[in-house]
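Structure in structure tokens, see below.
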Amino acid sequence: MRDSPPKNHDESGVVVRSTGSWYDVDVSGEKVSCRVRGKFRLAGVNQTNPVVVGDRVGLQMQEDGTGVIVSIEDRFNCISRRAAGRKVGKEQVIVANVDTAWIIQSVLLPKLNPGFIDRFIAMTDLYHIPVGVVINKCDLIDEKIADAISFWSDLYKGIGYPVIHTSASTGEGVDTFAAELKNKTSAIVGPSGVGKSSLLNRIQPELGLRVGDVSLRTQKGMHTTTFAALYPLSFGGYVVDTPGLREYGLIDIEPETLSHHFVEFESFSDACKFPNCTHDHEPECRVKEAVESNEVSVERYESYLNMLFSLKQGEKDVGR
Ligand SMILES: Nc1nc2c(ncn2[C@@H]2O[C@H](COP(=O)(O)OP(=O)(O)O)[C@@H](O)[C@H]2O)c(=O)[nH]1
Ligand SMILES: [Mg+2]
Ligand SMILES: [Zn+2]
């Protein structure tokens, strides 16, 4: 913070909710309603919103029990998205200071979507946020889909991402997932209907998150879903419910650097003939050779080509 007033704050805490003009700040377990003093400007960052969920802030307590946010600690990372259009410089930060992110998918209803996983993995890699995959509704696995689920599970494990199989219905894997959330701030992302709320309720029933909402109703009920909320976990840590991340038109990567965010391509791309090879049409591409020799999975490579195509089109909404 450069432009902040003198730092004579008397409390500090974490922003857990934002309504636009008021912020809920968790101060040692107690929620304090706060406003922001004056206009904050973060050095070198052009952002639409000065204070976001996840920010660690300094407060001055008022006589009426509310607080005034007078300082913001430097963020160690953030998840943000850009206003539509390539040229727009404004960045909307959705959540700051996330330790980890979990992509929730279900085996059926809706069926597992590797394109979603790959896009989100690339995005979290861009922001240096560790990421894992939760495959939920495993109680619905039958012999028809068992092989496919094992295939995807092995694929992501094989390239180094943790994969947890869960069922919010039977409780399978839920303790394993809960253990991963402990003492961390974890962003929970995934398409509607995969069981995010059900899993979190199973882990901590007091959260009382609404389950089974159709997205139409959610949009109506929530009004402003662009701001995240942090929910404290009784065993330590926070989970971040980020409805805005479901439709993550988030990726803002140059086509030439997209492959840097496909971790298993890295060891081959150095050997490509052209240093800026996009592993698409270029000759003597070591990544393409690795696909042919099954050292890189053809599914991930196709996912990469889809994203590359979208980025070349200048779209922010990558893939399908
Ligand atoms: N069979 C089965 N159904 C589940 C499971 N988890 C959630 N569901 C159901 O899936 C639907 C969507 O769940 P919800 O938690 O609202 O998903 P969200 O949109 O990702 O938060 C609801 O009807 C849940 O009862 C599970 O593990 N197994
Ligand atoms: Mg939900
Ligand atoms: Zn190449």
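All of the numbers you see were taken from the coordinates with simple rules; none came from a lab. Source: prediction; values computed, not measured. Note that each Cβ is placed from the backbone with ideal geometry, even for glycine, and that neighbours are counted across all protein chains shown.
Please quote Rg/Rh for the stretch 253-302 to two decimal places, taking the Kirkwood radius as Rh and restricting both calculations to Cα atoms. Present the calculation step by step, with values, prior to reporting the outcome.
Values: Rg = 9.7 Å, Rh = 10.7 Å.
That ratio equals 0.91.
Considering all projection directions equally, how large on average is the shadow of the alpha-carbon convex hull of the stretch 160-206, in square nanometres?
Details: hull surface 15.4 nm².
Value for the stretch 160-206: 3.8 nm².
Cβ neighbours within 10 Å, averaged per peptide: list 194-206, 282-294 in order, most packed at the top. Don't jump to the answer; show the numbers that get you there.
On the way: 194-206: 20.1, 282-294: 15.3.
Most protected by this proxy first, the peptides run 194-206, 282-294.
One-quarter of the Cα convex hull surface for the stretch 90-186, in nm²?
Values: hull surface 28.3 nm².
Seen from a random direction, the Cα hull of the stretch 90-186 projects 7.1 nm² on average.
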